[in-house]
Amino acid sequence: QVQLVESGGGLVQAGGSLRLSCAASGLTFNTYNMAWFRQAPRNEREFVGGLSPTGSRTSYADSVKGRFTISRDNAKNTVYLQMTSLKVEDTAVYYCAAARMGWGPDRKNYDYWGQGTQVTVSS
């Protein structure tokens, strides 16, 4: 049974930083592309960024480029999202996702999803 469990969300002031973690189990982690998505109230779930199985390739949404960094530790079966210079508009539930084939913004590419962690940025 595959599980993706996010953690690290919380309340932070604008301009602050937060690091999210996603621990994976039940899959061969180092063969999956991993990604982070987010969903704000009344919005569709949107791609934040993703990386390849070795972490050698990354991709980010324009809205977070230069502020967010995705990384992974295959020895720990964990993917991270380091978020800096946070803005109020970054407030959302953040989800990690795993794709055996394909990656990028298309949600249909992803085989497994976590339950999400709330990030709230106050002004």
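Candidates are the residues of the stretch 79-123 that are of a type in the set (A, V, I, L, M) and out of contact with any Ser or Thr (no Cβ under 8 Å at 6 or more places or on another chain); the one that is surrounded by the fewest Cβ atoms within 10 Å (Cβ to Cβ) is 101. Kindly indicate whether residue 76 is modelled with pLDDT of 95 or more, within 17 Å of residue 26 (Cα to Cα), surrounded by fewer than 14 Cβ atoms within 10 Å (Cβ to Cβ) and of a type in the set (Lys, Arg). Judged against the criteria, residue 76 is a match. If the condition is being in contact with a Ser or Thr (Cβ under 7 Å, 6 or more places away or on another chain) and not in a loop (DSSP other than H, G, I, E, B), then the stretch 25-56 contributes 33, 49, 50, 51.
Does any residue of the stretch 54-67 turn out to be in contact with a Gly (Cβ under 6 Å, 6 or more places away or on another chain), touching a residue at least 60 places away in the same chain (Cβ under 8 Å) and under 17 Å from residue 105 (Cα atoms)? No: zero hits. Counting only strands (runs of 3 or more DSSP E) wholly contained in the stretch 70-123, the ones carrying 3 or more residues that are more than 12 Å from residue 36 (Cβ to Cβ) occupy 117-122.
The values are calculated or read from the model by the stated rules, or taken from the named source; none is laboratory data. Quick caveat, the model's predicted, so the values are computed rather than measured. As a convention, Cβ positions derive from the backbone with ideal geometry for all residues, glycine included, and neighbour counts pool all protein chains shown.
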